[in-house]
1. Once fully extended, how much extra length lies between residue 138 and residue 153, figured as 0.36 nm per residue of separation less the alpha-carbon to alpha-carbon distance?
2. What length, rounded to one decimal in nm, is gained on full extension from residue 92 through to residue 16, with 0.36 nm per residue of separation minus their alpha-carbon distance?
3. Beyond a 26 Å Cα-Cα separation, which of these cross-linked pairs lie in this structure: 83/172; 208/363; 244/380; 49/244?
4. Can you work out ³J(HN,Hα) from phi for every residue in the stretch 149-165, in order, using Karplus 6.51 cos²θ - 1.76 cosθ + 1.60 and θ = phi - 60°, giving whole Hz and x for Gly and Pro?
5. What nm value, rounded to one decimal, do you get for the distance between residue 362 and residue 381 when each label is placed 7 Å out toward the C-beta?
6. When a footprinting reagent is the concern and you count Cβ atoms within 10 Å, what order do 198, 57, 373 take, fewest first?
7. Could you give the dipole magnitude of the stretch 182-260 about its Cα centre, charging the beta-carbon of Lys and Arg +1 and that of Asp and Glu -1, in debye to the nearest 20?
8. Among 36, 137, 119, flag the residue with its Cα farthest along the positive direction of the charge dipole of the stretch 2-179, charges on Cβ as +1 for Lys/Arg and -1 for Asp/Glu.
Amino acid sequence: MRNIEQKYGIIGKSEEIRQLIQAVEQVAPSNISILILGESGVGKELVAKALHELSLRRHGPYVIVNCGAIPAGTIESELFGHKKGSYTGAVEDRKGFFETADKGTILLDEIGELPPETQVKLLRVLEQGEITRVGESTSRKVDVRVIGATNRDLGDEVRNGRFRKDLYYRLKTIMIRIPALRERREDIPMLAEYFMMRYADEHHAAYKPITPQAMELLLRAPWEGNVRELKNFIESVFILENGKIIRPETVSMHLNPHYREGHYDTRLPVRVNKDSEQVERELILRQLFLLRQDIEEIKNKLSQIDIGDVVTMNKMKDISRYIQGTEAHDIDVEAAAEDRTIQEIEKETIARTLEKYYGSKRKTAQALGMSERTLYRKIKEYDLRD
């Protein structure tokens, strides 16, 4: 399960996500068509990609088609291809998306947007494995697994006559529903941290922890655009926030104005797996570790001018303030250390982070703001191997 999470970005620890991943693992190896349902922004393409990569067709092509973005007049040509001269502008024979996806998988995103006449031809592909190019009279065999995705209620579309009943029942043999983010709020901290680490890595910048108070605001926002909206929000605050920590005022400033105007109930209970004290503790430990890195760099420079290698906790605090500014996140190094050495704190931080990411060295290194090479050296130094 964790391999799917790490490789395909299906992030979360909620029961809803656990069931989703189990469903993907179960149906991926088959060749049967699948219908993915979910609101815009929930990650339907991520699930479709995982279904392809975990199938026997993973070495074949994977083609994504946004049915809502193709004009009705050309969609059949795009999907099934055309013969030269079949219409104005058809200057040569051309394969469509289905032939391109032969021996692989095709994702028909927003499948509910297909015109009725195209739905008939799609049903033929599903039932007989055949397509006919526009302008041709002979059919061609194709071996394609079809995955449909939509944010519409196709049952309502059928009742209103906008979607063929026979195609709907052919597609709905296996349906995977992706829950909206508001239905799995306990996944928001993990998602926010994942995106923050990702942007830090992409921009070669320091990770910016989110304070418990700021995270509380994220937990209570409705996120009408689902995971995509949260992802874009984290990217914007990462780029626009100059500080080293994401605070509540930063979140409030960048939140959708519609949310800030009180259109959601901040009194609603939110289920999380960590209490605020634990989150605060992890935040302090992470900052201590970043401080440790700065101290190590300064110690190396001081040693070059014959100043002793031992730096006391008080000097470490002074140096930290010099480096990070007098406010330095208001972290009291001595109090947080609880009379333990910085080495003990570092060892505990690495051990906990490794456990959090199920032994993933890459994610642990990213979360702690160090190179994987340094992490491996620390693991050996502190004898943290399994």
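1. Net length gain for the segment: 1.9 nm.
2. Details: separation 76, 0.36 × 76 = 27.36 nm, distance 4.86 nm.
Extra length available between residue 92 and residue 16 comes to 22.5 nm.
3. Values: 83/172 32 Å; 208/363 15 Å; 244/380 29 Å; 49/244 35 Å.
Long pairs (Cα-Cα over 26 Å): 83/172; 244/380; 49/244.
4. Residue by residue, the stretch 149-165 yields 9, 7, 9, 8, 8, 5, x, 5, 4, 5, 5, 8, x, 9, 9, 5, 5 Hz.
5. Computed distance between label sites residue 362 and residue 381 equals 2.5 nm.
6. On the way: 198 16, 57 21, 373 9.
Least to most surrounded, the residues fall as 373, 198, 57.
7. Numbers: 11 positive and 12 negative charges, 25 e Å.
About 120 debye.
8. 137
Read-outs: derived from the displayed coordinates by stated rules, not from any lab. Everything quoted here is computed from the prediction, not taken from an experiment. Every residue, glycine as well, gets a Cβ built from its backbone with ideal geometry; the counts of neighbours run over all protein chains shown.
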